[in-house]
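Peer 1: Have a look at this one.
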Amino acid sequence: MIITIDGPAGAGKSTAARGLAQRLGFTFLDTGAMYRAVALAVQQAGISPTDEAALASLLPQLRLEWQGGRMFLNGQDVSEVIRRPEITELARQVADSPSVRQFLGQLQRQFGQRTNLVTEGRDQGTKIFPHAECKFFLTAAPEVRALRRWRELRQLGLNIPYEEVLRQQQERDQRDAQRCLAPLQPAPDAIIVDTSHLSAEQVLDLLEEHVRRRLQGNANR
Ligand code: DC
């Protein structure tokens, strides 16, 4: 079974996807971490994130592994470093590359063939797993999402003013929505969940209830 969770940054996708996978005994996949790992590789290689030819020749050299909820790039655990703001910006740029999207899309589909999956990102229910059994689109008010991101950055030891976090997020939202390739939008059959006024636990309960109902429906068929 494939469960997709898409939505903008700060909607609580990672927490929900990780928790849901744990409750159901499924594998959790954070596809944003994959884009971020490619961004880190781009930074390390010193190439431009908009140089399509350079990206296309870099990708086959990369060994990307997602294991136990952690991201490895060429054997190194990069789970923390990929959360830094400069990688967030680079990731957004590499996410516009057709080569990168194709490369990561393929890796993501391979995951789906191997195991029961809860996968989160921007295009999982629309482009990568259009036939997923259960699709969610998580969203939240921009101010709530920015506050969550601001707290996350503080935990990384970065004191960026809240207003700046909100401004950068608005820019990213706009670009995510307008991207030619895989723009951020809910799949027509996605369940839309506004997490603005829900705790992480409440979101999880709600998603689990939907999935269990779906599983029950499948069993009764
Ligand atoms: O969810 P995140 O902030 O970790 O994602 C990092 C970047 O990758 C962000 O700019 C959106 C992009 N992304 C994407 O285009 N498609 C996905 N399936 C996941 C992330």
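What follows draws every value from the coordinates through simple rules; no lab data is involved. Just so it is clear, the structure is predicted and the values come from calculations on it, not from any experiment. All Cβ positions, glycine included, derive from the backbone under ideal geometry; neighbour counts span all protein chains shown.
Peer 1: Does region 50-79 hold any residues that are surrounded by fewer than 13 Cβ atoms within 10 Å (Cβ to Cβ) and either within 13 Å of the ligand (Cβ to nearest atom) or in contact (Cβ under 8 Å) with a residue 12 or more places away in the chain (or both), and which are they?
Peer 2: T50, R63, G75
Peer 1: Let me spell it out: the conditions are (1) aliphatic (A, V, I, L, M); (2) closer than 16 Å to A91 by Cβ; (3) in a helix (DSSP H, G or I), and A56 meets all of them except one. Which number is the exception?
Peer 2: Unmet for A56, out of (1) aliphatic (A, V, I, L, M); (2) closer than 16 Å to A91 by Cβ; (3) in a helix (DSSP H, G or I): (2).
Peer 1: Mind checking which residues of region 1-19 are in a helix (DSSP H, G or I), surrounded by fewer than 24 Cβ atoms within 10 Å (Cβ to Cβ), more than 11 Å from the ligand (Cβ to nearest atom) and not β-branched (V, I, T)?
Peer 2: Within region 1-19, R18, G19 qualify.
Peer 1: On the given criteria, is V165 in contact (Cβ under 8 Å) with a residue 12 or more places away in the chain, farther than 15 Å from K13 by Cβ, β-branched (V, I, T) and surrounded by 14 or more Cβ atoms within 10 Å (Cβ to Cβ)?
Peer 2: Considered against the rule, which asks whether it is in contact (Cβ under 8 Å) with a residue 12 or more places away in the chain, farther than 15 Å from K13 by Cβ, β-branched (V, I, T) and surrounded by 14 or more Cβ atoms within 10 Å (Cβ to Cβ), V165 comes out as yes.
Peer 1: Let me ask something additional. Residue by residue through region 77-86, note down the ones that are of a type in the set (V, I, T) and either closer than 16 Å to R175 by Cα or within 14 Å of the chain's Cα centre (by Cα) (or both). Before you say what the answer is, go through the steps one by one.
Peer 2: From region 77-86, those of a type in the set (V, I, T) are 78, 81-82; that's our starting set.
Scanning region 77-86 gives a single hit, I82.
Peer 1: Can you name every residue in region 110-135 that is farther than 20 Å from R179 by Cβ and within 14 Å of the ligand (Cβ to nearest atom)? Full working, then the answer.
Peer 2: So the first thing to find is which residues in region 110-135 are farther than 20 Å from R179 by Cβ, and the list is 110-118, 131-134.
Hits for region 110-135 are F111, G112, L117, V118, A132.
Peer 1: Yes or no: region 170-183 includes at least one residue that is over 19 Å from the mean Cα position of the chain (by Cα) and exposed (fewer than 13 other Cβ atoms within 10 Å of the Cβ). Even if it seems obvious, please write down each step before you answer.
Peer 2: Filtering region 170-183 down to residues over 19 Å from the mean Cα position of the chain (by Cα) leaves none.
Looking for residues that are over 19 Å from the mean Cα position of the chain (by Cα) and exposed (fewer than 13 other Cβ atoms within 10 Å of the Cβ), one finds none in region 170-183, hence no.
Peer 1: In region 83-97, is there at least one residue being of a type outside the set (V, I, T) and more than 14 Å from the ligand (Cβ to nearest atom)?
Peer 2: Initial filter on region 83-97 (of a type outside the set (V, I, T)): 83-86, 89-93, 95-97.
This time we only want the ones that are more than 14 Å from the ligand (Cβ to nearest atom), so: none.
No.
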